[in-house]
Amino acid sequence: MINKNKKTGFALILIVVTILLIISNVYAFGVSSSYYKGNPLQISPGETKTISLRLQNMVGSEDMTVKSVLTKGSEIAKVEEKNYVVKAGTEGLEVPVTISIPSSTPLNTNYEVTVSFSTVTSGQGGAVSLGTGIDTTFDVLVVPETPNVNDSGVNNSIIFLVFGIIVLLVIIVLAVFLKNKKNKTK
Amino acid sequence: MNYNKRIFSSFILIMFILLMISFVSAGFFDLAKGITGRASSQDTNVSIIVTGINPVSIIVVNSTLAGSTVDPSENSMKNIAFNVYVGDRDGVSDINDTSVYVNFTRSGVTSRINSSCNLVGDINTTTANFTCTIGMWYFDAPGVWNISVYANDLGNTTLVQNNSFTFSYGQLQAIVISPISLTWTSVSLGAQNQTPTNQPTLINNTGNYNVTSGNIQVKAINLHGQTITTDYISAGNFTASNNTGGSPPAECSGTALVNATDTGITNSVLGFGNHSENNNVTGQTRLFYCLNTVPTTVSSQTYSTSTAGAWVVKIA
């Protein structure tokens, strides 16, 4: 009888603790981005850029496992689909997104890229266990190539052209000089 | 020999002409375009002249913030610290050390103000270093914010303002939900309009992303029996809504959920704001659920998400 009461008491405590744990727990994570709808990533035809989405877990006291999946824009974007462990109290865990625009893409073409993040949740802990998810969407706008200008404001291609002309002239002068020298020796 | 000399002279002449060719050009109308060219990475400086008995210059240096993107911190205030240098040709003693302050402003939203910056020390005989810190909240709007810097000196009390700098405050999508599970009491086969005992799901917006109608989504998963796992209650038997009350409960005529599919909950929105107001509107919303019909074709047992996986409450 005593054992039975003890078992019942233990079971009740277990249930209460489980309920408390379920009540007190929250699922929280965040995704920050420098690019979003209305603030597109600008990129030129034939260009490749890697940007980062940044995960944070500043609310909960437990580490979170978050899975990333590219759900829109696979024609131009690549994301490694994997689980990220976001430590409690941290921010800035980078998820790289690589954007490559084919060189034949017309200017002003607008793409939409969506990366879906969701918590990896076991499904245990109640009739219906709930996780959280975030779809991060940003626009990619194809713009003309910006001139490759160095710090002094001089277009690099002009520098290379002038340098090439100088080298060519040096070679020609040297060739003529050597030819004359050879003729004179004869 | 003369021929070689001529060649050599020609070469020198060509080289001289090439070197004399300007690598840059500018037309008359370029005057209207202002200064062109891109600066390399460097400290961002600006000078403001304060008129007075003697000309006084105030130099603001901000090498850590201007031009960068600052990420908000989930559910909290992020303190953004940066330096301001104030210079005075009359010497640092002429600087009004208590006059330096900064604001972050953006059209249509509340400014973030630091009423005073603290003197760190003197850089040299004419320049003093101040440190300023402004707190930006998680619910402050994303986008470009102006940095307004104010200062004056003891010789002239005119407050000088500089608005030359901006910084980008990033977008943060973040939510917190609680509780993290839903529980129903025992229900009979064929029962209708059964609501969870521990609803609603409270969703706090802990970022600065505006979730518009239809973009609060629930991905429901069929609930399988814990004993006979082949039996299940379809996700399609559940509805979700941001409304409750009435008979039958309003949530029972909410949006029908679909197995393994992100389903937007009709009319459910989640703006950003200070959710600690706790009014179910500002930075906050609620979801209510209903098991519309318990199938009569399933066995009597416990059904849960433990077999097929958790439901997901998502913002898009």
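The values are calculated or read from the model by the stated rules, or taken from the named source; none is laboratory data. If you're wondering where the values come from, they're calculated on a predicted model, not measured in any experiment. All Cβ positions, even for glycine, are placed from backbone atoms using ideal geometry, and neighbour counts span all protein chains on display.
Just the residues that are on the phi > 0 side of the Ramachandran plot and modelled with pLDDT of 95 or more, please, taken from the stretch A:93-123.
If we filter the stretch A:93-123 for residues that are on the phi > 0 side of the Ramachandran plot, which is where we start, we get A:108, A:123.
The answer is A:ASN108, and nothing else.
Tell me, yes or no, whether the stretch A:4-25 has at least one residue that is outside any strand (DSSP E or B), among the basic types (Lys, Arg) and modelled with pLDDT of 90 or more. Let's see the steps before the verdict.
Filtering the stretch A:4-25 for residues outside any strand (DSSP E or B) gives A:4-25.
Adding the requirement that they be among the basic types (Lys, Arg) leaves A:4, A:6-7.
Subset that is modelled with pLDDT of 90 or more: none.
No, every residue in the stretch A:4-25 fails to be outside any strand (DSSP E or B), among the basic types (Lys, Arg) and modelled with pLDDT of 90 or more.
I'd like the full set of residues that are outside any helix (DSSP H, G or I) and either modelled with pLDDT under 75 or more than 45 Å from the chain's Cα centre (by Cα) (or both), limited to the stretch A:135-184.
To start, the set of residues in the stretch A:135-184 that are outside any helix (DSSP H, G or I) comprises A:135-155.
Across the stretch A:135-184, the qualifying residues are A:PRO147, A:ASN148, A:VAL149, A:ASN150, A:ASP151, A:SER152, A:GLY153, A:VAL154, A:ASN155.
Would you confirm, using the coordinates I've provided, whether B:GLY273 is within 30 Å of B:GLN171 (Cα to Cα), assigned to a loop (DSSP other than H, G, I, E, B), within 13 Å of chain A (Cβ to nearest Cβ) and small (Gly, Ala, Ser)?
Working: within 30 Å of B:GLN171 (Cα to Cα): yes; assigned to a loop (DSSP other than H, G, I, E, B): yes; within 13 Å of chain A (Cβ to nearest Cβ): no; small (Gly, Ala, Ser): yes.
Against the criterion (within 30 Å of B:GLN171 (Cα to Cα), assigned to a loop (DSSP other than H, G, I, E, B), within 13 Å of chain A (Cβ to nearest Cβ) and small (Gly, Ala, Ser)), B:GLY273 does not qualify.
How about the stretch B:79-97: which of its residues are touching a Gly at 6+ places or on another chain (Cβ under 7 Å) and either within 14 Å of chain A (Cβ to nearest Cβ) or β-branched (Val, Ile, Thr) (or both)? Lay out the reasoning, then the answer.
Quick first cut of the stretch B:79-97, residues touching a Gly at 6+ places or on another chain (Cβ under 7 Å) only: B:79, B:90, B:94.
Correct list: B:ASN79 only.
Taking B:ALA174 as meeting all but one of (1) at pLDDT below 95; (2) not in a loop (DSSP other than H, G, I, E, B), write down the number of the exception.
(1)
Among residues belonging to the stretch B:154-191 that are touching a helix residue (DSSP H, G or I) at 6+ places or on another chain (Cβ under 8 Å) and more than 14 Å from chain A (Cβ to nearest Cβ), point out the one that is surrounded by the most Cβ atoms within 10 Å (Cβ to Cβ).
By that ranking, first place goes to B:GLY155.
What number goes with the only condition from (1) more than 14 Å from every other protein chain (Cβ to nearest Cβ); (2) surrounded by 18 or more Cβ atoms within 10 Å (Cβ to Cβ); (3) closer than 24 Å to B:ALA174 by Cα that B:ASN292 does not pass?
For B:ASN292, the exception is condition (3).
Which residue is surrounded by the most Cβ atoms within 10 Å (Cβ to Cβ), if the candidates are limited to the stretch B:139-153 and must be in a strand (DSSP E or B) and within 14 Å of chain A (Cβ to nearest Cβ)?
Taking the stretch B:139-153 and keeping what is in a strand (DSSP E or B), we get B:143-151, B:153.
Subsequent filtering for residues that are within 14 Å of chain A (Cβ to nearest Cβ) retains B:143-145.
Details: B:GLY143: 17, B:VAL144: 12, B:TRP145: 26.
So the residue we want is B:TRP145.
Among the residues of the stretch A:91-105, write down those that are loosely packed, with under 13 Cβ neighbours inside 10 Å and touching a strand residue (DSSP E or B) at 6+ places or on another chain (Cβ under 7 Å).
Filtering the stretch A:91-105 down to residues loosely packed, with under 13 Cβ neighbours inside 10 Å leaves A:92, A:94, A:96, A:102-104.
Of everything in the stretch A:91-105, those that are loosely packed, with under 13 Cβ neighbours inside 10 Å and touching a strand residue (DSSP E or B) at 6+ places or on another chain (Cβ under 7 Å) turn out to be A:GLY92, A:GLU94, A:PRO96.
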